[in-house]
Amino acid sequence: MTAMVFLLTVALASLMGLIAASIGDSIPDRQRPLATGMWQFTANGLATFVMGRFALGLIDPGSHRIGVGFLSFGLQGAGHWPYTIAACVFALTSTIFVLVFHERYVEPRSGEKFKLFTYGREICQIREHLLIYIILFFQPMFVLVGSWYFPKLATTTLGLSQAEYGSAHSWGGIAVMVSCIPLGILFNRVRHRRGFTIAACLMALVPITWGLFFMNTMAGIAFYFAAQQVAFAIFRLNFSPYITQYTTPRSVGTIFGVTSAVNGIVRFTMVPLFGILVDMMGKNYRLPLWGGYVGVAVCVICLAMMRPPEKVRHLLDAGDNA
């Protein structure tokens with residue numbers, strides 16, 4: 001099970017890392033929020049809805065009917081179905097990405113060969129890069145602190161089935177699908193990306209606080225995931241395009257590659273850590289959710305420390321020419 005989850009995580013991280021860099025490399029700056037919104041519509045919206053509303057319920061024992069009318073067929077409930085469906089979706093979307101997406105070609109550096117340990121200067125070229133990595137290290141805590149807490153709350157405390165929990169979880173996908181495209185169009189017209197990113201971090205305090213003190217029904221779980229995913233979408237719509245303002249065409253892949261690696265390291269370490277904490281806390285298993293407050297505080301402080309891109313542009317250009 002560990003090996004399978006690890007391989008699926010590597011596959012997902014590889015796809016996400018490529019898409020994030022490709023949006024910055026191929027789409028004009030003024031259109032990046034909308035492009036990111038379209039990405040979030042499918043990645044965090046449609047996928048969350050389909051997996052939550054339909055795939056999670058397939059874990060429950062018994063016979064399930066999938067499809068409509070004569071196109072429906074029966075399945076026996078089993079724990080592997082969400083992973084099987086996710087793997088099939090990944091194969092399909094990867095194929096579409098490879099065959100359809102066209103990037104802007106950038107001439108390679110003359111006579112340069114890739115050497116892993118010589119990229120430290122480029123990765124940490126300016127302090128904003130380090131702040132970006134710190135933000136992406138702590139931002140997943142908005143989400144990951146609940147990865148073990150909410151299933152236990154739903155099944156152990158509230159007595160919900162996997163199908164009921166999945167239905168509540170799917171409202172996060174609905175919220176993203178409803179909001180991310182209009183928000184992407186709105187953010188295309190404004191340039192206060194750091195301010196909106198800070199606002200998204202502060203918005204995350206609402207679901208975190210709700211989860212800690214007020215969530216004790218299925219409807220409450222649905223509200224949590226909806227509010228959480230809207231805050232996360234606003235963060236992505238602004239922060240991903242914001243990162244591109246601190247890169248150059250030659251360094252965008254390197255910077256986004258490291259950001260994806262940092263995000264993956266967090267998920268690989270924090271999910272087991274919070275799982276252990278939840279098991280250790282017994283009746284107080286909601287206590288790890290306090291980690292979300294830590295994540296919000298660190299992200300807001302780092303965002304406030306980032307200088308405007310125009311003030312560091314000459315440093316980027318000098319490093320790229322070197």
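The values are calculated or read from the model by the stated rules, or taken from the named source; none is laboratory data. These figures come from a predicted structure and were not determined experimentally. We place every Cβ from the backbone using ideal geometry, glycine too, and count neighbours over all the protein chains shown.
Can you find even one residue in region 236-246 that is in contact with a Ser or Thr (Cβ under 9 Å, 6 or more places away or on another chain), surrounded by 16 or more Cβ atoms within 10 Å (Cβ to Cβ) and closer than 22 Å to Trp171 by Cβ?
Taking region 236-246 and keeping what is in contact with a Ser or Thr (Cβ under 9 Å, 6 or more places away or on another chain), we get 236-243.
After this cut, where a residue has to be surrounded by 16 or more Cβ atoms within 10 Å (Cβ to Cβ) as well, the list is 236-243.
Next cut, closer than 22 Å to Trp171 by Cβ only: 236-237.
Scanning region 236-246, I find at least one residue that is in contact with a Ser or Thr (Cβ under 9 Å, 6 or more places away or on another chain), surrounded by 16 or more Cβ atoms within 10 Å (Cβ to Cβ) and closer than 22 Å to Trp171 by Cβ, so the answer is yes.
Determine, yes or no, whether Ala3 is surrounded by 13 or more Cβ atoms within 10 Å (Cβ to Cβ), over 27 Å from Pro241 (Cβ atoms), at pLDDT 75 or above and among the hydrophobic types (A, V, I, L, M, F, W, C). Let's see the steps before the verdict.
Numbers: surrounded by 13 or more Cβ atoms within 10 Å (Cβ to Cβ): no; over 27 Å from Pro241 (Cβ atoms): yes; at pLDDT 75 or above: yes; among the hydrophobic types (A, V, I, L, M, F, W, C): yes.
Considered against the rule, which asks whether it is surrounded by 13 or more Cβ atoms within 10 Å (Cβ to Cβ), over 27 Å from Pro241 (Cβ atoms), at pLDDT 75 or above and among the hydrophobic types (A, V, I, L, M, F, W, C), Ala3 comes out as no.
Which members of region 140-166 meet the condition of being aliphatic (A, V, I, L, M) and modelled with pLDDT of 75 or more? Reasoning before the result, please.
In the first step, residues of region 140-166 are kept if they are aliphatic (A, V, I, L, M); the result is 141, 143-145, 153-154, 158, 160, 163.
Met141, Leu153, Ala154, Leu158, Leu160, Ala163, listed by residue number.
Given the condition at pLDDT 85 or above, β-branched (Val, Ile, Thr) and over 25 Å from Ser167 (Cβ atoms), answer yes or no: does some residue in region 215-237 qualify?
no
Please go through region 270-298 and pick out each residue that is within 19 Å of the chain's Cα centre (by Cα) and modelled with pLDDT of 75 or more.
Within region 270-298, Gly291, Gly292, Tyr293, Val294, Gly295, Val296, Ala297, Val298 qualify.
Report the residue count in region 243-264 for those that are modelled with pLDDT of 80 or more and either farther than 17 Å from Ser26 by Cβ or touching a strand residue (DSSP E or B) at 6+ places or on another chain (Cβ under 6 Å) (or both).
1
Please work out which residue is farthest from Lys311 (Cα to Cα), limiting yourself to region 204-250 and to residues that are over 21 Å from the mean Cα position of the chain (by Cα) and in a helix (DSSP H, G or I). Don't jump to the end; show me each part of the working.
Within region 204-250, the first condition is being over 21 Å from the mean Cα position of the chain (by Cα), and the residues that meet it are 212-220, 248-250.
Right, trim to in a helix (DSSP H, G or I) and you get 212-213, 218-220.
Working: Leu212: 41, Phe213: 43, Met218: 48, Ala219: 47, Gly220: 45 Å.
Out of the qualifying residues, it is Met218.
Quick check on this structure: which one of Thr259, Thr197, Thr254, Thr269 is part of a helix (DSSP H, G or I) and without any contact (Cβ under 8 Å) to a residue 24 or more places away in the chain? Show your work before the answer.
Details: Thr259 fails: without any contact (Cβ under 8 Å) to a residue 24 or more places away in the chain; Thr197 fails: without any contact (Cβ under 8 Å) to a residue 24 or more places away in the chain; Thr254 fails: without any contact (Cβ under 8 Å) to a residue 24 or more places away in the chain.
So the residue among Thr259, Thr197, Thr254, Thr269 that is part of a helix (DSSP H, G or I) and without any contact (Cβ under 8 Å) to a residue 24 or more places away in the chain is Thr269.
Can you tell me which of Arg307, Arg267 is in contact with a helix residue (DSSP H, G or I) (Cβ under 7 Å, 6 or more places away or on another chain) and at pLDDT below 75?
Numbers: Arg307 fails: at pLDDT below 75.
The unique qualifying residue is Arg267.
Provide a single number: the residues in region 90-139 that are modelled with pLDDT of 80 or more, surrounded by 12 or more Cβ atoms within 10 Å (Cβ to Cβ) and assigned to a helix (DSSP H, G or I).
Result for region 90-139: 12.
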